[in-house]
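Quick notes on the structure that follows.
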Ligand SMILES: [Zn+2]
């Protein structure tokens, strides 16, 4: 089977309460976290997961969150750092349609775009508390592109398959990627950080280098992020992630500060 390498690339930095990382956490203390895209390359094929976030407005905010970077430039600079451009990407896999994951899909003009049908069908009318995270103007134009709506597990190309992981949203998908070290899983926002996978953790160090305390939950096998639509599905998805990855070292969360600059596989 083909082998790939995976590089989380930072396209923006977002400041958010540390309590978003884990349900029931501290909403008064803030951390700086990456908004990433993920670059997956191997066998002459180039794949990107997610398409970034808008540049901040005059107040320095995106959807109410303090943000730096972003915009088209954020995507172009990130991909330039690995020697490519959005136009050279073969497949764009969208994990889900939250505003910080799908904004610049139109730059990927030559890519086939892979999204779960369930995410597409629910993003235009999400459950009411989730409305704030979806903005249909950011993704409606996908229909004019080479969009493929898939259901459940779908082989994108040899060694790369989608993994249906509902819970954070109704139709979130991750990616299972064959690497030289085994099968890696990109979880998207199923996991914001390693804390969701390992709730015994007691601190997180953000992109500004600040270390913040988080409450360990050794009583739980996994701890959901504070944003979810279905907790039962979230736990089912978590067991699917660990069953698919060859080891927990090969599970790559959606916004963990420590993953920036690393190469997996
Ligand atoms: Zn999300």
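Just so you know, all these numbers are worked out from the coordinates, no wet-lab data involved. Just so we're clear, the structure is a prediction, and the values are computed from it rather than from any experiment. So basically every Cβ, Gly included, is an ideal-geometry build from the backbone, and we count neighbours across all protein chains shown.
Below is a table of values for the structure above.
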{"read-out": "Estimated FRET transfer efficiency (residue 141, residue 84; beta-carbon r; R0 22 Å; 0.05)", "value": "0.45"}
{"read-out": "Protection-proxy order for peptides 98-109, 182-193, 123-134, 25-36, each taking the mean of Cβ atoms within 10 Å per residue, highest first", "value": "182-193, 98-109, 25-36, 123-134"}
{"read-out": "Cβ crowding within 10 Å averaged over residues, with 205-213, 149-157, 68-76 ranked highest first", "value": "68-76, 149-157, 205-213"}
{"read-out": "Amide N of the stretch 30-59 lying under 18 Å from the label point, which is placed 7 angstrom from the Cα of residue 72 along Cα→Cβ", "value": "51-57"}
{"read-out": "Mean Cβ count within 10 Å, highest first, over the residues of peptides 252-258, 16-22", "value": "252-258, 16-22"}
{"read-out": "Bridge type composition, the stretch 5-259 - antiparallel percent by DSSP, nearest 5", "value": "75"}
{"read-out": "For the stretch 107-245: rounded, prolate or oblate by the Cα gyration tensor [a/c cutoff 1.5]", "value": "prolate"}
{"read-out": "Helix-only mean residue ellipticity at 222 nm for the chain, each DSSP H run of n ≥ 4 adding -39500 (n - 2.57), per residue, nearest 500", "value": "-3500 deg cm²/dmol"}
{"read-out": "Within the stretch 127-149: backbone nitrogen closer than 15 Å to the residue 63 label point (7 Å, Cα to C-beta)", "value": "127-140"}
{"read-out": "Förster radius 35 Å - calculated FRET efficiency between residue 227 and residue 1 (Cβ-Cβ, nearest 0.05)", "value": "0.55"}
{"read-out": "Cα centroid separation, the stretch 32-85 to the stretch 96-136 (Å)", "value": "15"}
{"read-out": "Extension gain, residue 262 back to residue 239 (0.36 nm per residue minus Cα-Cα distance, nm)", "value": "5.8 nm"}
{"read-out": "Inter-label distance, nm, simple model (7 Å from Cα along the C-beta direction), residue 148/residue 124", "value": "2.3"}
{"read-out": "Theoretical FRET efficiency, 1/(1+(r/R0)^6), r = Cβ-Cβ of residue 29 and residue 157, R0 41 Å, to 0.05", "value": "0.45"}
{"read-out": "Global geometry of the stretch 1-82, whether rounded, prolate or oblate, following the gyration tensor of its Cα atoms and the 1.5 cut on a/c", "value": "oblate"}
{"read-out": "Spin-label model distance (nm) - residue 117 vs residue 132, 7 Å beyond Cα toward Cβ", "value": "3.3"}
{"read-out": "Shape call, the stretch 5-259: gyration tensor on alpha carbons, a/c limit 1.5", "value": "rounded"}
